[in-house]
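Data block below; observations after.
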Amino acid sequence: MKKLGFLTVAVVLSSLSSYAQRGPSNPNFTINTNITVQVRFKGGGVAPAGAAVVLEGEGSGVVGTTQTDSQGKATFHPPDAGYYVVSVRYPGYESASERIDLTTNPTAYVTVELRPVPGGKAPSGATLAANVPENAAKEYRAGEKLLNEKKDPEGAIKHFQKATELYGGFSQAYLMLGLIYLDAKKFEDSATALQKTTELDAKSAPAYLALGAAYNQEKKFDQAEKALTRGLELEPRAVGGHYEIAKSYLAMGRWQDAEPHAQKAAELNPSMAPVHVLLGNIALRKQDTLGALKEFKEYLRLDPQGPMAGGVTQMIQKIEASQKK
């Protein structure tokens, strides 16, 4: 069996490094996705507003982050059909998550229950910190309404910006700005807002994880590593975090560091297709063509019409051709 040269590996890594952040495709229905999340306390009772809710696509990392409204609800509109994981965090409670299947139906309603941290004291806090001025809180709520109910991110930005002008320590408003900019692919603006969030709230896992994703998009991989490492310290089971940091390490040529994170992402979400492309690329760095072939085929099995399907198919053909020589 003939081994693939380093140049070939580099070309493969380059050709597969960019992809649309979309879940597995399903041609059976027109995409008009909607996920409604209802957060409740274990034993009854709707959770208060302000719980952090993160939606991750199995294969696309963080799709969106928001907070529950006054009814303990959050809404997402993923970019495609596929499998997703919604995670909820609230101070004094254990983080909780649920898996969502949008492969056969474009809408889903899921209830997530929060359990108090054993031995901890669960707060009864309000949506925003008590020291947030009322005028800034009013702007924040107006931004939330435009974002969650009117689906108007541009309009929401103006209110969140105003909220930060009225109260410079408003970490939640900066977080929302960072997430909106990230979704709009305004990565520099996103990184600026998210960096400010982490300065104000050193325990905001969503901020660090999103910041790492923004830095990856800007090819600032060393900064992405730092942000993602901190985010994973705060939220060790964040699938998107493990996936993103594996991308950072691989881009820096540190496949030995990338491998355990890619494996962890695959372990946490067995249906996560693109992580197998990462594992395949890592196998190529190890000159393990059989291992790479296995991972690339697993990607196609999980997402045969995915955004990387064409490049992966070509790579499989090259590997199989090299085995015949």
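Could you tell me how far the Cα centroid of segment 167-225 sits from the Cα centroid of segment 244-296, in Å?
So the two Cα centres are separated by 25 Å.
Starting from the Cα of THR107, step 7 Å along the direction of its Cβ; do the same at LEU290; then give the gap between the two resulting points in nm.
5.1
What ranking of ASP201, ASP183 comes out by heavy-atom accessible area, probe 1.4 Å, highest first? Write down the numbers at each step before the final one.
Numbers: ASP201 55, ASP183 115 Å².
Highest to lowest solvent-accessible surface, that is ASP183, ASP201.
Past 25 Å, Cα to Cα: identify those pairs from LYS220/LYS318; LYS73/LYS138; LYS138/LYS185, in the order given. Let's see the in-between values first.
Values: LYS220/LYS318 31 Å; LYS73/LYS138 19 Å; LYS138/LYS185 27 Å.
Result: LYS220/LYS318; LYS138/LYS185 exceed 25 Å.
What is the projected area of the convex hull of the Cα atoms of segment 199-272, averaged over all directions, in nm²?
Numbers: hull surface 17.9 nm².
It is 4.5 nm².
First check a/c for segment 114-235, with a ≥ b ≥ c the square roots of the eigenvalues of its C-alpha gyration tensor; if it is under 1.5, answer rounded, and if not, answer prolate when a/b is larger than b/c or oblate otherwise. Can you show the working numbers first?
Working: a/c = 1.84, a/b = 1.08, b/c = 1.71.
The shape class here is oblate.
Shape verdict for segment 187-325, please, from the Cα gyration tensor: rounded (a/c under 1.5), prolate (a/b greater than b/c) or oblate.
Numbers: a/c = 2.35, a/b = 2.26, b/c = 1.04.
Because a/c hits 1.5 or more and a/b exceeds b/c, segment 187-325 counts as prolate.
Determine which lysines satisfy two conditions relative to LYS264: a Cα distance under 17 Å, and not lying fewer than 8 residues away in the same chain.
List returned: LYS247.
What shape does segment 231-270 have by the C-alpha gyration tensor, where a ≥ b ≥ c are the square roots of the eigenvalues, rounded means a/c under 1.5, and otherwise prolate means a/b greater than b/c and oblate the rest?
Values: a/c = 2.33, a/b = 1.46, b/c = 1.60.
It is oblate, given that a/c is not under 1.5 and a/b is not larger than b/c.
Over 24 Å between C-alpha atoms is what I'm after, so list which of LYS162/LYS219; LYS151/LYS203; LYS186/LYS219 land there. Please list the in-between numbers first.
Numbers: LYS162/LYS219 30 Å; LYS151/LYS203 28 Å; LYS186/LYS219 14 Å.
Beyond 24 Å between Cα atoms: LYS162/LYS219; LYS151/LYS203.
At a Förster distance of 25 Å, what's the computed FRET efficiency of GLN256 paired with GLN323, Cβ-Cβ distance as r, to 0.05? Provide the component values of the computation, followed by the final result.
On the way: r = 25 Å, r/R0 = 1.02.
My answer for the efficiency is 0.45.
With θ taken as phi - 60° and the coefficients 6.51, -1.76 and 1.60, list the Karplus ³J(HN,Hα) couplings across segment 194-208 in order, rounded to whole Hz; mark glycine and proline as x.
Computed from phi, the couplings for segment 194-208 are 6, 4, 5, 4, 5, 5, 8, 9, 6, 10, 8, 4, x, 5, 5 Hz.
The values are calculated or read from the model by the stated rules, or taken from the named source; none is laboratory data. All values derive from a computational prediction rather than experimental measurement. With ideal geometry, Cβ positions are generated from the backbone for all residues, glycine too; neighbour counts draw on all protein chains shown. These accessible areas exclude ligands, DNA and RNA; they are computed on the full protein's heavy atoms, side chains included. Shrake-Rupley method; radii C 1.70, N 1.55, O 1.52, S 1.80 Å.
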